[in-house]
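Before I ask anything, let me first share the structure, which is written out below as structure tokens.
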Amino acid sequence: MIDAIPKTEMPAEPGAARKRKILVVEDEFVNREILTAMLEPEYEVINAVSGADAEAVLRRLAGEISLVLLDLNLPDRHGLDILREMKEDPRTAKIPVIVLTSDKEAEVECLNFGAIDFIPKPYPIPKVVQARVRRTIELSEDRDLIRDTERDHLTGLYTREYFYRYAAQYDVYNPDVATDALVLDVNHFQMVNERFGKQYADEVLIRIGRAIVALVGASGGIACRRSADMFLVYCPHLTDYQAFLDAIVTAACGDDKGRIRIRLGVCAEAEKTVEMQTRFDRAKIAADTVRGSFTECIAFYDNAMHEKEIYAERLLDEFQAAIDGKQFSVYFQPKYDVRPEKPVLCGAEALVRWIHPELGVISPGIFIPLFENNGLIRMLDRYVWRETVLQIAEWKKKYGRTVPVSVNVSRIDMLDPDLVETLRDLVIKGGLDFGDLHLEITESAYTENARQIISTVNSLREIGFVIEMDDFGSGYSSLNMIATLPIDVLKLDMVFIRSVFRENGNLRMLKVIVEIAETLSVPMIAEGVETAEQLNTLREMGCDMVQGYYFSPPKPAVDFEKFICDRLSTGKPANV
Ligand code: C2E
Ligand code: CA
Ligand code: CA
């Protein structure tokens, strides 16, 4: 037998399954021969005849060895020393070790040093040795597998699934310890990636992970990387969160302070009856309240947030009943053509209201974002479009003609492959012309998913729909992009108008926007116009249409009808 010559270096037989490698550290020739004979049918056996030999093999093949069989009495070293060194070295710490010994006394000591099992000398019958070896390797591989799925590869923190499991376990063993659920989220992590490169960004995440463990690990806290740049921490209640966050940010940036901002949401000392995941959802809600803030980085989940959450849950729960019970009502807000001396009604926007039997009138600003988060918006919008089509058809029938009405198409609707078909069917079934129903699509939808949105919008325009770009000025479309977008009308965002007319407001921007609309040869509507001053300025600048409280708030259909009657009484054609 040639010792310490790794058989891996021998060419494997073609097609042969790779055998697992076992290192036998044993100085006695006969013992080596016996063990090798027992194991060789199933494993590739590498022999080492001394401590130095064993070390050399481990240095070279640490990652490939499935098991070490270790004799305690070696000519140059004591087996226990080798065992200890193996366990201290991260490259070899995970390799299971079975000790070969005739010394009963040594067994406990070996276990303490991390041996996993024994094979007594003289050796038992081959079957027993083989069974122990097989079992040990299996157990160790299972454990590695768990470790792999349990840990995030980049930071070494727990993965989400295991994190929640261990957090729950923490509560079982520590029912009386007050604990906090924390969410840490790196602000604009994408920007960090883009500006400083992926390697730097990864390094930041690793440092954050390490800092968290250093801060809460000793007290039994655990952490996980929830998604790319979001960390969850579950730990005994902390008192100084500013110090906690400062320490993490410092660790993350090193000397480049200010490169990284992290927001921290805390759900502190929740009742243990509150589900683990709920506590983290709450911490996340808190963290999101300081998302865009430059001054605040830390937020605590509080009563007001709780009330809001309960309210939101109630709305979600009652959605279906509200649809069935026709609690959603479509209001109409007039749009005026302000080019003539006397402004003329030229259209309307359909805006939904929830007339709740107990909560009163609920504004869409509250429920639309909720429904957008979970897809219910698609059902609601279809409902609103249908009601709007029916209403327009009724007016057309009653008055012979009417003004076009625009409906809002959520960015979520834009992802629906049946959208074009649905809208076309609605208009045809309602007996309308495509020009009767305008579609408002928010600017941010275009920037989020440009290619797909543009192709959908093109299909809609080909059929004959008029597309109004909503909330223009609030998104971040570049001028280049705007120039290539398929749109028929620009609706200037209300927030933007507000900022222009505020004290020391900047009229320049408004001028630029009006010029853009002119260059694109599309009409422009200003939204949220409340005063005569705003109206006049916009008019002077060349804005074509205006919608806002100055003329009228959104009104129920019966009330809006008056605007149509007035308009028709002037005898002019009502379409823009
Ligand atoms: P939006 O599409 O930008 O609609 C304009 C909002 O401005 C409406 O709020 C309208 O009532 C309000 N508004 C109009 N003129 C003035 C004014 O002079 N001053 C002020 N302060 N506000 C004015 P509303 O009706 O609360 O709707 C809020 C948002 O909810 C809408 O913003 C729209 O994004 C969404 N929304 C409304 N109805 C629907 C719908 O049926 N489907 C979808 N997907 N979204 C809708
Ligand atoms: Ca709108
Ligand atoms: Ca708008």
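Of (1) in the same structural domain as Tyr241 (by TED's automatic domain parsing); (2) under 24 Å from the mean Cα position of the chain (by Cα), Thr155 satisfies all except one. Which?
The single condition Thr155 does not satisfy is (1).
I'd like the full set of residues that are within 18 Å of Val466 (Cβ to Cβ) and within 16 Å of ligand 2 (Cβ to nearest atom), limited to region 411-422. If you could, list the steps in order and put the result at the bottom.
Keep residues of region 411-422 that are within 18 Å of Val466 (Cβ to Cβ), which gives 413-414, 419-420, 422.
Asp413, Met414, listed by residue number.
Looking at region 426-457 only, could you name the residues that are more than 16 Å from ligand 2 (Cβ to nearest atom), of a type in the set (Asp, Glu) and under 23 Å from Lys335 (Cα atoms)?
If the condition is that a residue be more than 16 Å from ligand 2 (Cβ to nearest atom), of a type in the set (Asp, Glu) and under 23 Å from Lys335 (Cα atoms), then Asp433, Asp436 are the ones that fit.
Within region 136-190, work out how many residues are of a type in the set (Gly, Ala, Ser) and closer than 18 Å to Ile212 by Cβ. Steps first, please.
Let us first name the residues in region 136-190 that are of a type in the set (Gly, Ala, Ser), namely 140, 156, 167-168, 178, 181.
Imposing the further condition that a residue be closer than 18 Å to Ile212 by Cβ reduces the set to 156, 167, 181.
Number of matching residues: 3.
Give the residue that is farthest from ligand 1 (Cβ to nearest atom), with candidates limited to residues of region 346-404 that are under 35 Å from the mean Cα position of the chain (by Cα) and among the small types (Gly, Ala, Ser).
Looking at the filtered set, the residue picked out is Gly360.
Any residue at all in region 501-522 that's buried (at least 17 other Cβ atoms within 10 Å of the Cβ) and within 14 Å of ligand 2 (Cβ to nearest atom)?
There is no residue in region 501-522 that is buried (at least 17 other Cβ atoms within 10 Å of the Cβ) and within 14 Å of ligand 2 (Cβ to nearest atom).
Hey, another quick one. Filter region 109-152 down to residues that are exposed (fewer than 13 other Cβ atoms within 10 Å of the Cβ) and of a type in the set (S, T, N, Q) and give me whichever is farthest from the chain's Cα centre (by Cα).
Going through the qualifying residues, I end up with Asn112.
Here is a list: Pro340, Pro369. Which entry is within 16 Å of ligand 2 (Cβ to nearest atom) and either crowded, with 16+ Cβ neighbours inside 10 Å or more than 23 Å from Val558 (Cα to Cα) (or both)? Outline the logic, then answer.
Numbers: Pro340 fails: within 16 Å of ligand 2 (Cβ to nearest atom).
None of the others qualify; the one that does is Pro369.
For region 22-34, name all the residues that are at pLDDT below 95 and either β-branched (Val, Ile, Thr) or outside any loop (DSSP other than H, G, I, E, B) (or both).
Of everything in region 22-34, those that are at pLDDT below 95 and either β-branched (Val, Ile, Thr) or outside any loop (DSSP other than H, G, I, E, B) (or both) turn out to be Phe29, Val30, Asn31, Arg32, Glu33, Ile34.
Also, I was wondering about something else. Working carefully through the options Thr402, Thr388, find the one that is at pLDDT 95 or above and either touching a Leu at 6+ places or on another chain (Cβ under 9 Å) or outside the structural domain of Leu520 (by TED's automatic domain parsing) (or both).
Numbers: Thr402 fails: at pLDDT 95 or above.
Among Thr402, Thr388, only Thr388 is at pLDDT 95 or above and either touching a Leu at 6+ places or on another chain (Cβ under 9 Å) or outside the structural domain of Leu520 (by TED's automatic domain parsing) (or both).
Which of the residues spanning region 387-419 are closer than 26 Å to Asn449 by Cα and either assigned to a helix (DSSP H, G or I) or of a type in the set (Asp, Glu) (or both)?
Asp413, Met414, Leu415, Asp416, Asp418, Leu419
Pairs only if they're at least six apart or on different chains, beta carbon under 7 angstrom, first in region 509-537 and in the same structural domain as Gln333 (by TED's automatic domain parsing) and farther than 24 Å from Tyr549 by Cβ, second away from ligand 3 (no atom under 16 Å from the Cβ) and not hydrophobic (A, V, I, L, M, F, W, C); list them, first residue then second.
Glu518/Gly542
Do we find that Met524 is in contact with a helix residue (DSSP H, G or I) (Cβ under 7 Å, 6 or more places away or on another chain) and either more than 16 Å from ligand 3 (Cβ to nearest atom) or farther than 23 Å from Asn458 by Cβ (or both) in this structure?
Details: in contact with a helix residue (DSSP H, G or I) (Cβ under 7 Å, 6 or more places away or on another chain): yes; either more than 16 Å from ligand 3 (Cβ to nearest atom) or farther than 23 Å from Asn458 by Cβ (or both): no.
It is false that Met524 is in contact with a helix residue (DSSP H, G or I) (Cβ under 7 Å, 6 or more places away or on another chain) and either more than 16 Å from ligand 3 (Cβ to nearest atom) or farther than 23 Å from Asn458 by Cβ (or both).
Given Phe280, Phe332, Phe328, Phe300, which one is among the aromatic types (Phe, Trp, Tyr), touching a Leu at 6+ places or on another chain (Cβ under 6 Å) and surrounded by 12 or more Cβ atoms within 10 Å (Cβ to Cβ)? Write out each step before concluding.
On the way: Phe332 fails: touching a Leu at 6+ places or on another chain (Cβ under 6 Å); Phe328 fails: touching a Leu at 6+ places or on another chain (Cβ under 6 Å); Phe300 fails: touching a Leu at 6+ places or on another chain (Cβ under 6 Å).
None of the other options fit; the residue is Phe280.
Filter region 418-469 down to the residues that are closer than 12 Å to Asp488 by Cβ and of a type in the set (D, E, K, R), then identify the one that is farthest from ligand 3 (Cβ to nearest atom).
Among them, the one singled out is Arg461.
Sort out which residues of region 282-304 are more than 30 Å from Gly197 (Cα to Cα) and either in contact (Cβ under 8 Å) with a residue 24 or more places away in the chain or assigned to a helix (DSSP H, G or I) (or both), and write them in order of number.
Quick first cut of region 282-304, residues more than 30 Å from Gly197 (Cα to Cα) only: 282, 300-304.
Scanning region 282-304 gives Arg282, Phe300, Tyr301, Asn303, Ala304.
The values are calculated or read from the model by the stated rules, or taken from the named source; none is laboratory data. Here the structure is a predicted model, which means the values were calculated and not measured. A quick note on method: Cβ atoms are made from the backbone with ideal geometry, for glycine too, and the neighbour counts reach across all protein chains shown.
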